[in-house]
Amino acid sequence: NVKVDAARYMQKLWSFLIKDLSDPSNELSDELKANLISIGLWVLKEIDAILAGQSENWSGLIEINRTVREGLSS
C-alpha cells in the first residue's frame with residue numbers, strides 16, 4: 001500500500017530529525033530545534049493515528065512537511 005509506505009517513510013524521517021535535533025552537537029538555535037521537535041512529534045502522532053485507522057489527515061501532514069521544507073530551504 002503506497003499510503004502505508006509513505007507514512008512509514010515519514011515516521012523514519014521525522015524520527016531521524018528529532019534524534020538529530022536532540023543531539024547537543026546540533027548547532028541550530030534552541031528555539032528552532034524546539035519548534036521543529038514539536039512539529040515532528042505532532043507529525044508522528046498524526047501518522048500513528050493514520051496507521052491505526054483513526055485519521056485520514058494526509059493534507060495536514062503534506063502541508064506541514066511542505067512548509068518545513070520551504071522554510072529550511074530559504
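A few comments on the model shown:
- Subset of the range 21-40 (residues that are farther than 16 Å from R69 by Cα and open to solvent by 40 Å² or more (accessible area, probe 1.4 Å)): S22, D23, P24, S25, E27, S29, D30, E31, A34
- Among the residues making up the range 1-19, those that are of a type in the set (D, E, K, R) and closer than 18 Å to I64 by Cβ are K3, R8, K12.
- Subset tally (residues that are exposed (fewer than 12 other Cβ atoms within 10 Å of the Cβ) and not aliphatic (A, V, I, L, M)) for the range 46-62: 4
The values are calculated or read from the model by the stated rules, or taken from the named source; none is laboratory data. Source: prediction; values computed, not measured. Neighbour counts run over all protein chains shown; Cβ positions are idealised from the backbone, glycine included. Accessible surface is based on the protein model in full, side chains and every heavy atom, while ligands, DNA and RNA are left aside. Shrake-Rupley method; radii C 1.70, N 1.55, O 1.52, S 1.80 Å.
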